[in-house]
Amino acid sequence: MHIRVHRETQPDQRRVALVPRTVKSLVGQGHRVSVASGAGTAAGYPDEAYTEAGADVFSGSPPEADLVVAVGPLEADDVGPARGVIAFLDPLGSPQRVAALAERGLTAFAMELIPRTTKAQAMDALSSQATSAGYEAVLLAASRLPRFLPMMMTAAGTIRPAKVLVIGAGVAGLQAIATARRLGAVVSGYDIRPAAAEQVKSLGATFVGGPVEEAAEDAGGYAGEVTEDTRRRQLEALAGHVAASDIVITTAQVPGRRAPRLITTGMIEDMKPGSVVVDLAAASGGNCEPTVAGETVVVGEVAVIGPTDLASNTAGDASEMYARNVATLIEYLVSDGQLVVDLEDEITGGCCVAHEGAIVDDRVRSALEGSS
Ligand code: NAD
């Protein structure tokens with residue numbers, strides 16, 4: 001099969017869909033791989049490394065391919081001549097994009113919709129990229145905070161450690177907790193799912209007392225939307241902890257929904273001057289009232305940062321993990337050199353959003369109806 005690696009066009013996107021190591025393994029399995037010149041440069045993978053791995057590096061018009069792989073989101077007009085595409089496509093947020101891919105007759109696989117099951121774990125790009133984002137969120141906050149994170153005992157006196165609160169203890173949140181702990185901060189965490197409490201504690205952080213709900217967790221381990229009454233109790237429980245923290249990192253999300261609003265402007269105004277809030281849910285509406293996606297807003301003397309692509313800061317490793325996810329999906333989908341699209345299969349049917357000219361995912365179809 002001919003696989004083409006797309007050169008990302010989104011501003012500030014530094015990741016690449018396949019790294020030389022995965023290209024080598026795909027070429028070893030008998031695939032042909034073409035890479036757009038410069039596709040991996042920003043992630044630390046120059047053209048020569050792809051050539052050495054067995055790929056053809058091309059400039060100018062893209063060659064016809066069976067499958068185009070990208071980080072994304074990727075517009076139908078940018079795919080070039082191809083039969084299929086694998087990328088983050090934001091299918092529920094931008095169902096029109098999926099409609100355009102279907103209109104062009106492309107078979108499209110959305111990395112966001114890979115089922116979060118043990119069988120699909122090696123393809124789970126939401127988890128791999130959330131790992132990068134959680135780590136980066138702490139570094140971003142630490143570099144902005146006018147204080148040390150660890151306790152410092154020096155001849156010039158003892159400096160107390162910074163306090164970090166992480167709200168939402170999923171993949172990104174747990175990585176943020178682990179990173180803040182490694183840097184020596186005093187860390188606490190909170191999540192609506194009761195199962196998260198043990199995970200927070202196992203990383204050496206304190207679980208903040210607040211409402212937890214068994215019913216909030218679905219079979220896939222995800223949280224659902226909470227009632228207005230629960231949300232009000234959450235705000236009350238979190239207010240004091242937010243005010244006492246030097247850094248707050250929020251990661252609370254509900255798949256396919258707007259992120260829950262858990263921190264008000266008033267709560268941020270009560271934080272100490274110089275404190276930093278990083279809202280990792282910025283792209284899906286934000287957990288904090290003043291968050292603006294892609295910007296830093298200053299409330300009083302507190303910075304509220306709303307990053308939308310933190311994984312690009314560790315583009316080399318984030319791409320390596322993403323490439324492994326993509327290559328595993330390709331191996332899963334291809335049999336005897338042919339793409340096999342079995343929509344009844346849990347993984348294939350879970351992430352395939354367009355096939356044979358139609359949108360084939362009910363969630364995307366309803367999102368499209370809701371948006372028109
Ligand atoms: P996510 O990004 O959708 O959400 C992040 C966190 O926000 C979650 O822990 C969620 O519980 C929390 N949250 C949502 N609403 C909240 C609210 N109102 N208040 C406080 N917290 C709230 O989730 P994620 O990090 O991608 O994954 C969450 C869980 O999914 C994991 O902890 C795990 O149980 C499961 N998961 C399973 C697999 C697998 O089996 N392969 C892979 C990844 C995740």
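The values are calculated or read from the model by the stated rules, or taken from the named source; none is laboratory data. Every value quoted in this text rests on a predicted model; they were computed, and no experiment measured them. Note: ideal-geometry Cβ built from the backbone for every residue, glycine included; neighbour counts use all protein chains shown. Accessible surface is based on the protein model in full, side chains and every heavy atom, while ligands, DNA and RNA are left aside. Shrake-Rupley method; radii C 1.70, N 1.55, O 1.52, S 1.80 Å.
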Quick one: what pairs do we get from segment 36-51, first residue within 13 Å of Arg15 (Cα to Cα) and touching a residue at least 12 places away in the same chain (Cβ under 8 Å), second open to solvent by less than 20 Å² (accessible area, probe 1.4 Å) and of a type in the set (Val, Ile, Thr), C-beta under 7 Å, 6+ apart or different chains?
-> Ala39/Val5; Ala39/Val16; Gly40/Val16; Gly40/Val19; Ala43/Val16; Tyr45/Val16; Tyr45/Val19
Could you tell me whether Thr227 is at pLDDT below 90 and of a type in the set (Val, Ile, Thr)?
-> yes
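Could you tell me which residue of segment 73-104 is nearest to Ser319 (Cα to Cα), considering only residues that are of a type outside the set (A, V, I, L, M, F, W, C), in contact (Cβ under 8 Å) with a residue 60 or more places away in the chain and in contact with a Leu (Cβ under 9 Å, 6 or more places away or on another chain)?
Step by step, filter segment 73-104, then rank; the result is Pro73.
Okay, residues lined up against (1) crowded, with 17+ Cβ neighbours inside 10 Å; (2) near the ligand (Cβ under 10 Å from one of its atoms); (3) within 23 Å of Ala141 (Cα to Cα):
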residue	(1), (2), (3)
Val187	yes, no, yes
Asp218	no, yes, no
Gly221	no, yes, no
Glu228	no, no, no
Gly240	no, no, yes
Thr264	no, no, yes
Gly286	yes, no, yes
Provide a single number: the residues in segment 317-339 that are open to solvent by 70 Å² or more (accessible area, probe 1.4 Å) and without any contact (Cβ under 8 Å) to a residue 12 or more places away in the chain.
-> 1
Which number in (1) in the same structural domain as Gln253 (by TED's automatic domain parsing); (2) open to solvent by 60 Å² or more (accessible area, probe 1.4 Å); (3) within 16 Å of the ligand (Cβ to nearest atom) marks the one condition that Ala156 misses?
-> (3)
Only one of these is out of contact with any Asp or Glu (no Cβ under 7 Å at 6 or more places or on another chain), within 16 Å of the ligand (Cβ to nearest atom), closer than 21 Å to Gly274 by Cα and not in a strand (DSSP E or B): Ala196, Ala176, Ala141. Name it.
-> Ala176
Out of the residues in segment 292-308 that are closer than 27 Å to Ala110 by Cα and surrounded by 21 or more Cβ atoms within 10 Å (Cβ to Cβ), which is farthest from the chain's Cα centre (by Cα)?
-> Gly306
Note on segment 201-216: residues more than 10 Å from the ligand (Cβ to nearest atom) and either in contact (Cβ under 8 Å) with a residue 24 or more places away in the chain or open to solvent by less than 80 Å² (accessible area, probe 1.4 Å) (or both) are Leu203, Gly204, Ala205, Phe207, Val208, Gly209
Would you mention how many residues in segment 59-74 are within 30 Å of Ala130 (Cα to Cα) and at pLDDT below 95?
-> 3
